[in-house]
Each structure stands twice: as structure tokens, then as C-alpha cells.
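The values are calculated or read from the model by the stated rules, or taken from the named source; none is laboratory data. What you see is a predicted model, and the numbers here were worked out from it, not measured in a lab. We place every Cβ from the backbone using ideal geometry, glycine too, and count neighbours over all the protein chains shown.
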Amino acid sequence: MNNPAKPGGLLGDTAARDYSGKLRLFNAFAEPEIRRAIAGLGLTRGMRVLDAGCGTGETLGWLSGEVGAEGGVIGIDLAGAHVASARAMAPANALVMQADLTVLPFAPGSFDLVWSVNTFNHLRDPLAGATLAASLLRPGGRIALGQSSLLPDMYFAWDSRLERLVNEAVRQYYRDRYQLDERDLAAVRSLVGLLRAAGLRNVTAQTVAIERLSPVRPEDERYLVETIFRDSWGERLRPYLSGEDYEALERLCDPGHADFALHRPDFHFLQTFTLTVGEVSV
Ligand SMILES: C[S@@+](CC[C@H](N)C(=O)[O-])C[C@H]1O[C@@H](n2cnc3c(N)ncnc32)[C@H](O)[C@@H]1O
């Protein structure tokens, strides 16, 4: 299980960590699905929203569009570099603060909604985080926790064997790098229980597929090539695959190679995004 002696969050987050490039690419890629998830929340003008773990801040503008100038959005994030990026793109009615979401400086009842995507799985004590977030809500206010699957559910539609071996290699890499076991890498399974354990009621969960077929949009290609093919896989997987499988993976991931996966007519990508919502008692 996770190693509490290791400094920083479960996945190595600290105030000095910077993966803002990866976050910008993810948000450009998943923008259609995340905006639909936000639109489905039924936010109304004048509401106050906290984005806990706002990263590079793309969501601040999407949330702010729902609550209007008469409402307000606050984004908080642990990492100084992420906060700087978020501030640079925050709309006029959004405030961005560098803060740890497990020790937030807000009065009880300050918000109508706490929104948080792909962040609670970075916390060593997600229940403490969810309990604190719940205490910041007005009666009837909601927490919405979004989580994309750690690994895409399908990316090499034509080769399930290589896809399985790559998935196992990625999981082993994460276990070795962060001293985690497989239960720590299955965040989506914990969301419903987490919200209920934090005392929230009327908990709902909805999972959508982020689905892309070739030819993909330029923002999809950038995310898939730079964030997944190069940074999540790439050299770091070499020790976990046979030479032959690693070379096959390299060819599929290389935009200059004739075998490049995204140029195949059978390229079909699926990744789930789950949004769980819970409400505090009135
Ligand atoms: C995977 S990113 C997701 C960012 C953003 N929500 C998005 O969807 O692009 C996780 C974010 O949580 C932040 N984070 C991790 N632990 C945190 C903590 N204890 N308090 C506040 N932010 C934290 C990280 O700095 C990072 O920006």
C-alpha cells in the first residue's frame, strides 16, 4: 500500500512539482467531455464554486461561464507552477490561490459546489479531503469529483495482446516509482464510497467515454503523442517489455513511422471519465 514516509502526495505532488504541460494537453483533449459534465450539473448564475486542485486552470473559465459575473469561482492548487498558469488564464470572476486542499482557509458554508478532477487520487488521505470539502459547502451544496481512468480502456484496437502488456508495464512502472500497490491505482473505485463516508447524501455516479477515432483532432494527437505515447510510455517502459514488444510499441507511437497508430484506419481510442456527485444535508 502507499508509503506515508515518502514526502509529498501519494503520486509525488509537492508545491515545487510542475507538470503543467501535461495538464494543458489533457484539458485541450478532454474539453468536450468535461464541459458537458459541467453543463450537466445545473449550476445557476450567482453560485460560488471552488475548483480544488485546479491545475493549469482551464476549468475555471468553463465553471465561470455557468455562474456568470454575479457568481464566483476560486481555484486552488498546491503547485506554484500550476497556480501561475491558472492565474494567467483565469477569467475576471475567478481567483486563484496556492493552497493545500487538506488545510483550506475558507469559512464553513462558503461554496455551492466543490469541483475536483483527477486530484483526490493524489491525496494520502482522500477522506480527510472530502470531509473538509463538505464542511465548506452551504446546506444542500454539492461536491463533484471527476476521475479519468488511469489507463485508457482501448488504444490499440487491432492488438489486444500488446495493449495488455503495455498496461501491465505502466502499472508496474507506477508501483515501482511511487511504491504503490494496485489498489492505490484504482481511484475510480473509491469515489462513491468516499463521498458516502464523508457524510454526503444523494450520491450519483455517471461515466462517459472519451472516444476518438482516426483521423483525430490536432489537440487529440498532441495529447496522445506527447502525454501518453512519449511521457507515460516511451523509454520508461523499456525495462518492462520484451525487446520485440518494445520495438513494436515504438513504431506505433512514432508519428514519423509508417506504422504510427493514429494514422491507422482502425485507430479507436476509449478512456472513461467518471463524475460522482454528493450533496450535504439541508
Ligand atoms: C492530475 S492534476 C489535475 C488538475 C486539474 N484538476 C485538471 O483536471 O487538469 C492534480 C492536481 O492536484 C494538485 N494537487 C495535488 N495534491 C494537492 C493538494 N494536497 N492540495 C491542492 N492541490 C493538490 C496538483 O498540483 C495538480 O495540479
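Observations
- Of all residues in segment 74-92 being surrounded by fewer than 19 Cβ atoms within 10 Å (Cβ to Cβ) and in a loop (DSSP other than H, G, I, E, B), the one that is farthest from the ligand (Cβ to nearest atom): Ala92
- Residues located in segment 110-126, provided they are within 9 Å of the ligand (Cβ to nearest atom) and more than 17 Å from Asp184 (Cβ to Cβ): Trp115, Ser116, Val117
- Taken over segment 109-135, the residue count meeting the criterion of being outside any helix (DSSP H, G or I), free of Cβ contacts under 8 Å to residues at least 40 places away in the same chain and either of a type in the set (A, V, I, L, M) or in contact with a Ser or Thr (Cβ under 8 Å, 6 or more places away or on another chain) (or both) is 1.
- Just one residue in the set Glu58, Glu33 is under 21 Å from Ala144 (Cβ atoms), within 13 Å of the ligand (Cβ to nearest atom) and out of contact with any helix residue (DSSP H, G or I) (no Cβ under 9 Å at 6 or more places or on another chain); that residue is Glu33.
- Residue in segment 66-73 that is out of contact with any Leu (no Cβ under 7 Å at 6 or more places or on another chain) and surrounded by 22 or more Cβ atoms within 10 Å (Cβ to Cβ) present: no
- Within segment 214-238, residues that are over 17 Å from Val170 (Cα atoms) reach partners that are surrounded by fewer than 18 Cβ atoms within 10 Å (Cβ to Cβ) and not aromatic (Phe, Trp, Tyr) with beta carbons closer than 6 Å, at six or more positions or on different chains, in the pairs Glu219/Ala28.
- Subset tally (residues that are outside any strand (DSSP E or B), within 26 Å of Ser116 (Cα to Cα) and at pLDDT 95 or above) for segment 230-282: 1
- Against the test of being touching a strand residue (DSSP E or B) at 6+ places or on another chain (Cβ under 7 Å), within 30 Å of Asp176 (Cβ to Cβ) and surrounded by 13 or more Cβ atoms within 10 Å (Cβ to Cβ), the options Asp245, Asp220, Asp231 yield a single qualifying residue, Asp220.
- All of Gly129, Gly141, Gly146 fail the test of being away from the ligand (no atom under 12 Å from the Cβ) and among the small types (Gly, Ala, Ser), apart from Gly141.
- Positions within segment 97-109 being within 12 Å of Ile76 (Cβ to Cβ) and either more than 8 Å from the ligand (Cβ to nearest atom) or among the acidic types (Asp, Glu) (or both), in sequence order: Met97, Gln98, Asp100, Val103, Leu104, Pro105, Phe106
- Near pairs, Cβ below 8 angstrom, 6+ apart or cross-chain, from segment 51-74 (under 20 Å from Ala134 (Cα atoms) and among the small types (Gly, Ala, Ser)) to any residue that is away from the ligand (no atom under 15 Å from the Cβ) and modelled with pLDDT under 95: Gly71/Asn93; Gly72/Asn93
- Residue check for Gly46: assigned to a loop (DSSP other than H, G, I, E, B), on the phi > 0 side of the Ramachandran plot and out of contact with any Gly (no Cβ under 9 Å at 6 or more places or on another chain): no
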